[in-house]
1. Note down, for region 33-172, the three equivalent ellipsoid semi-axes (square root of 5 times each alpha carbon gyration tensor eigenvalue), biggest first, whole angstrom.
2. Quick check on the exposure proxy: order E118, E221, E43 from fewest to most C-beta atoms within 10 angstrom.
3. For a footprinting-style exposure proxy, rank S262, S96, S7 by other Cβ within 10 Å, fewest first.
4. Under a 10 Å cutoff between Cα atoms, tell me which one of R121, R278, R69 has the largest fluctuation in the Gaussian network model of the chain.
5. Along Cα→Cβ, 7 Å out, is where each label goes; now give me the distance between the ones at R104 and R169 in nm to one decimal.
6. Cut-off under 30 Å on the C-alpha distance; same-chain residues fewer than 8 positions from K280 excluded. Which lysines are left, in chain and number order?
7. List the aspartates and glutamates whose Cα lies under 16 Å from the Cα of K168, skipping any in the same chain that are fewer than 8 positions away.
8. Could you work out how far the C-alpha centroid of region 118-152 sits from that of region 225-274, in angstrom?
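What follows is calculated from the coordinates using simple rules that are stated; it is not laboratory data. All values derive from a computational prediction rather than experimental measurement. Cβ placement follows ideal geometry from the backbone for every residue including glycine, while neighbour counts extend to all protein chains displayed.
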Amino acid sequence: MRSTEASPLEGFSALLARDGERLALARACLQVAEDAYPGLDVEGYLGEIERFAHRLGARLPAAAAGEDRVIALNEFLFGDLGFSGNTRNYYDPRNSYLNEVLDRRTGIPLTLSVLYMEIGRHIGLAFEGVSFPGHFLVRLALRGGTLVLDPFSGGAPQSEDELRERLKRVIPAGIGVGEPGGVPVADLPLDHFLEPASNRQILARLLRNLKGVYRERDQPERLLAVLNRMLVVAPEAAAELRDRGLVYQRLECWRPALKDLSEYLEREPEAPDVEDIRAKVVQLARSCAYLN
């Protein structure tokens, strides 16, 4: 059933304004997909996720321990349903759209984690997302400690050694914190990298993924739609405002480009690219004058 809001972007804005940090993450992710899939049946896909959860829940004893619920979830989602990480075409934009993940049974770490957390929530598993550097993970507090899992790899638990290896692959060895000779980032306590991400932060990371994909593919119309969403999620993000202004300029939407880039200069008067952006603002002001 299609949203009755005036536009998908307005419906998205209303969802974030209404729900705040209790944001319905799966719904928000599906609303993001409305840009690429006009008329998307958001309620239908949410219903599919609920049906998965009910099927799994019916198999579980009421007194099943958390560890047993995790094992059952992994067997159901990655065994019975056949979901898996898309290692062959990782940067396919479809991997970042939750409807495509449900249809194709494959995705990237973040979208598989969203599905994993959503189904887990229905069966009593209070998963939290973890914006681990380079690879999204989930965590679960248990009586014996915190379990860190990788839905991209079938829900495999992550040991401390495995997590440190992940850090070493994405953080240059020479980078440290504090004064010269400080502790290398990769040697910091793991808790530093395992803080739970809010649903809004998870949504922002999803949109950054899409931004990178559409920038690399040189698809400015798609990129503009993503940036519009990003500025709803993080309206204070000056860099996203600048990037949207540049996309508007490329699409010859002079007035919106002038507005965004002028506001960027007001927000970031000391930015390293201020001279370049100021020159663009002058050029855009001239272009807008010709429109009058």
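1. Details: eigenvalues 110, 99, 27 Å².
Three semi-axes, in Å: 23, 22, 12.
2. Listing E118, E221, E43 from fewest to most nearby Cβ atoms yields E221, E43, E118.
3. Ranking S262, S96, S7 by Cβ neighbours within 10 Å, fewest first, gives S7, S262, S96.
4. For the chain, modelled as a Gaussian network with Cα springs under 10 Å, the answer is R278.
5. The two pseudo-label positions are separated by 2.1 nm.
6. Once the sequence-local lysines are set aside, what remains near K280 is K211, K259.
7. The qualifying aspartates and glutamates are E160, D187, D191.
8. So the separation of the two Cα centres works out to 34 Å.
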